[in-house]
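Visitor: Okay, handing you the structure first.
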Amino acid sequence: MSSQPPSFLLGEFPRSLDDRFRLSIPTELAEPLLEQGIDCALVKERAGCLSLWNGPQWEAQVKQGVELVRNKMYAGRLTGKMEEVQRLGRLLSTRHRIVQVAGRGRLVIPEGFREFLGVEPGGDVVVVGAAVCIELWHPTHWLEYLNDRIPEFRTLFDTLSG
């Protein structure tokens, strides 16, 4: 979320939720993202996928975006767009929650996010390093995403690295 991410987080790790919706984040992903004692932002990305961000970085970006929308609204530049502003407010209200990652990278998936992820206790989750954040995927949704996106890999890599 900041201009300089803490690291380039990569890797794919199968995990399982325990009976209390706890998940162990792999150390190689958790350590670069999480500063000691810093909260994280758990974010609803798309059905079957949550992302985990450095909390202060996430909150700074959201605050900046909300301030821009608020300023446009007060300046009259969003006249006739109150339905869109309300929709944005609703989605912002539910999209993320500040969470703590406990010792050994343990994360409790909160209510509301559990249903969005769609994994029952004891169910499998795929933990993926998404360069600037950690993603938690329902395995079926992860395979669908990969099937749709893998053919684009070479072009994307060449575009971003060229």
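None of the figures in this text is laboratory data; all of them are computed from the coordinates on show. On a predicted model such as this, the values are computed, not experimentally measured, just so you know. In this analysis, Cβ positions are derived from the backbone assuming ideal geometry, glycine residues included, and neighbour counts consider all displayed protein chains.
Visitor: If G129 satisfies every condition in (1) surrounded by 14 or more Cβ atoms within 10 Å (Cβ to Cβ); (2) in a helix (DSSP H, G or I) but one, which is the exception?
Guide: Result: G129 passes all but (2).
Visitor: Kindly check whether there is at least one residue in the range 60-83 that is among the hydrophobic types (A, V, I, L, M, F, W, C), in contact with a strand residue (DSSP E or B) (Cβ under 6 Å, 6 or more places away or on another chain), more than 24 Å from E144 (Cβ to Cβ) and touching a residue at least 40 places away in the same chain (Cβ under 8 Å).
Guide: No - not one qualifying residue is present in the range 60-83.
Visitor: Would you mind stating whether S7 is among the hydroxyl-bearing types (S, T, Y) and over 30 Å from V85 (Cβ atoms)?
Guide: yes
Visitor: For E12, are the conditions met, namely being surrounded by fewer than 17 Cβ atoms within 10 Å (Cβ to Cβ), within 18 Å of V126 (Cβ to Cβ), of a type in the set (D, E) and under 17 Å from the mean Cα position of the chain (by Cα)?
Guide: yes
Visitor: OK, next. Somewhere in the range 27-35, is a residue within 22 Å of V126 (Cα to Cα) and part of a strand (DSSP E or B)?
Guide: no
Visitor: If you go through the range 80-93 one residue at a time, do you hit one that is closer than 24 Å to D39 by Cβ, in a strand (DSSP E or B) and not charged (D, E, K, R)?
Guide: Looking through the range 80-93, none of the residues is closer than 24 Å to D39 by Cβ, in a strand (DSSP E or B) and not charged (D, E, K, R).
Visitor: Could I ask something else about it? I'm trying to understand the selection: among the residues of the range 132-162, which are exposed (fewer than 11 other Cβ atoms within 10 Å of the Cβ) and part of a loop (DSSP other than H, G, I, E, B)?
Guide: G162
Visitor: Another one. For G112, work out the one condition from (1) over 13 Å from the mean Cα position of the chain (by Cα); (2) surrounded by 14 or more Cβ atoms within 10 Å (Cβ to Cβ) it doesn't fulfil.
Guide: That leaves (2) as the condition not met.
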